[in-house]
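These notes concern the structure reproduced below.
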Amino acid sequence: MQLKILIFGFLFVIISFVFNSYSLWRIFSLLVGIILLVIISEKLLKRKYLFILMPIVLIVLSYSLDFFLVSKFNRVPIYSLKKESNPLVLTYNSFFYRIFKCQNTSIMDYGYESNFLCNYDLLEEIDVNSFLSDSLANFRKYKNKFVKIKGKISKKSGVNSLELSSYKIDDANKLNGYVSFNTEYKVKVNTNSNLSKFYIYDDVTIIGIVDSLTKEPFTINIIDPIIIPSDIYYQYTYEVITSDNKAVSNYVEKQNIYTWGIENIYIHYDLEHIYELKYLINDERITIASLINNKEYTEVYSNEENLIGKIYEMDKFKILKCENSKIIITNEEWKLNYELCS
C-alpha cells in the first residue's frame, strides 16, 4: 500500500510537468502529488515534523524546477495565474516573475520590474470617453488586464500622478486644447516617471493594468503605466495675425518678449489642436531658443562695431534677438532697425 502511495505521489508530480499548457489541473495534480509524498514520508520515517517540513521542501523544489523549465525551455509555468488582455496579449503571473506572451513571442519579466513589454499595437486603443461611459462594466471586464486608453489630461498631482477624465469639446472655445471635463469619472495613474513635460489638456495614451476602483469620485486606478505623448505635437505650422500698430507691445507676460506689427501667432498641430504661441511659451513647451535653433540670422549693428542684435528669418515672421536680452517678434514685411532693441 505504501509503495502504491509513493508511486502515485511521484506520478501526479510528473504529470503536472509533462503537459505544457495553462490549466488548473496541473497545479491540482502537483498538489495532490505533494500531499501523497508528505503522507508516505511521515509513515516511512515516522517523524511528525515532516508534516510541516516536507510540504515546504517539496513546494520549493517543484517551484525551482518549474522556474528552470520556464526560463530555459520557454514552457508555460505551473505556478502562475493567466490573465488574457486580448487574444494576442496575455501574461502568466507567478511568484517573483511574470511572462508576457506577445502574439507568438514570450518575454520574461524578472521581479515585475518592467511595465508592458509587448508591441503597443497589439492592444486595441480605447477612447477614455468610451471607457468611462460604462465605467463599472469596463472595470470588471478589464480588471487585472492591460489596457490602452487614449484621452486628455484633466489633472496633475505633483510630477508623478495624472488623471484622464471624460470630456466634451466646446467648438466655440477649443483654443489651447481646451475641453470641458467631467471629473466625476476618471482614470488615474501613478508612476515613478517624471511627468513635468505633460500638461493639462494634452493628448496622451496610457498603457497599464486596471487595478482598483475608488468611488466619489468614480476613479479607475491604473498600475504599471506607460504614458505615451501624442505624436501630433512633433510637427506644426504657423498662423500669423498681423497688425498695423507701430508700437512695440509686450507679448508674453512677465517675460522680455514683445511684438511689433503682429497681433498674435497661432501654432497649428492639426485642425483640432490650435495653440497661441504665448500660451506655449508660458507653459515652457516652446522656447524662443527652440524656435531659432539652427536658423540663419543677420547681425544688426548701431555702428560698425556695436552689435545690437540678430534677426532670424522665420516662416511668416521674424525674431529680433537683442543683445540686451530683449526679444521682439516682428512683421516679416516691416523693415527692422537697431532702435527697436533700445
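The values are calculated or read from the model by the stated rules, or taken from the named source; none is laboratory data. Because the structure is a prediction, the values reported are computed rather than measured. No Cβ is skipped: glycine too gets one built from the backbone with ideal geometry, and neighbour counts run over all protein chains shown. Side chains are part of the model used for accessible areas, which takes the heavy atoms of the whole protein and leaves out ligands, DNA and RNA. Shrake-Rupley method; radii C 1.70, N 1.55, O 1.52, S 1.80 Å.
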Checking the cross-link filter: which aspartates and glutamates have an alpha carbon closer than 20 Å to that of Lys215, excluding same-chain neighbours under 8 positions apart? Asp134, Glu163, Glu184
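R0 = 41 Å: FRET efficiency of Thr298 with Ile274, Cβ-based, nearest 0.05? Can you show the working numbers first?
Numbers: r = 31 Å, r/R0 = 0.75.
Once the sixth-power term is evaluated, E becomes 0.85.
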Once the Cβ-Cβ distance between Ile228 and Lys4 is put in as r, and R0 is 56 Å, what FRET efficiency do you end up with, to the nearest 0.05? 0.40
For the pair Glu313/Glu124, report the inter-label distance in nm, with labels modelled 7 Å from Cα in the Cβ direction. 5.3
Among Val38, Val159, Val179, which one moves the most in a GNM of the chain with springs linking Cα atoms closer than 10 Å? Val38
What whole-number volume per residue, in cubic angstrom, does the convex hull of the C-alpha atoms of segment 92-193 give? 137
With axes computed from alpha carbons, what is the tilt in degrees of helix 2-18 against the longest principal axis of the chain, rounded to the nearest 10 within 0 to 90? 20
From the list [x] 5, 25, 36, 26, 7, 1, 0, 0; [y] 5, 18, 18, 16, 14, 11, 7, 5, 3, 2, 0, 0; [z] 5, 21, 33, 29, 10, 2, 0, can you say which value of P(r) over Cα pairs in 10 Å bins from 0, in percent was derived from the structure given? [y]
Extension gain, Leu136 back to Lys156 (0.36 nm per residue minus Cα-Cα distance, nm): 4.9 nm
Asp170 versus Ile14: modelled label distance in nm, points set 7 Å from Cα along the beta carbon direction: 7.4
Highest GNM mean-square fluctuation among Asn119, Asn221, Asn306, for the chain with Cα springs under 10 Å, belongs to Asn306
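Once you have the Cα-Cα distance between Asn250 and Phe198, take 0.36 nm times their residue separation minus that, and quote the gain in nm to one decimal. Walk me through the intermediate numbers first.
Values: separation 52, 0.36 × 52 = 18.72 nm, distance 2.69 nm.
In short, 16.0 nm is gained.
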How large is the charge dipole for the chain, taken about the Cα centre, if only the Cβ atoms of Lys, Arg (+1) and Asp, Glu (-1) carry charge, to the nearest 20 debye? 2960
Working from Cα positions, state the angle (0 to 90°, nearest 10) between the long axis of helix 50-73 and the longest principal axis of the chain. 50
Carbon plus sulfur fraction of accessible area for the chain, probe 1.4 Å, in percent: 54
Taking the Cβ-Cβ separation of Lys82 and Glu263 as r and a Förster radius of 45 Å, what is the calculated FRET efficiency to the nearest 0.05? 0.15
Taking Lys174 as the anchor, which aspartates and glutamates have their alpha carbon closer than 13 Å to its alpha carbon, excluding any fewer than eight residues away along the same chain? Asp202, Asp270, Glu272, Glu276
Between 0 and 90 degrees, rounded to the nearest ten: what's the tilt of helix 24-45 against the longest Cα principal axis of the chain? 40
Using per-residue counts of other Cβ atoms within 10 Å, averaged over each peptide, order 79-90, 236-247, 202-213, 294-305 from highest down. 202-213, 79-90, 236-247, 294-305
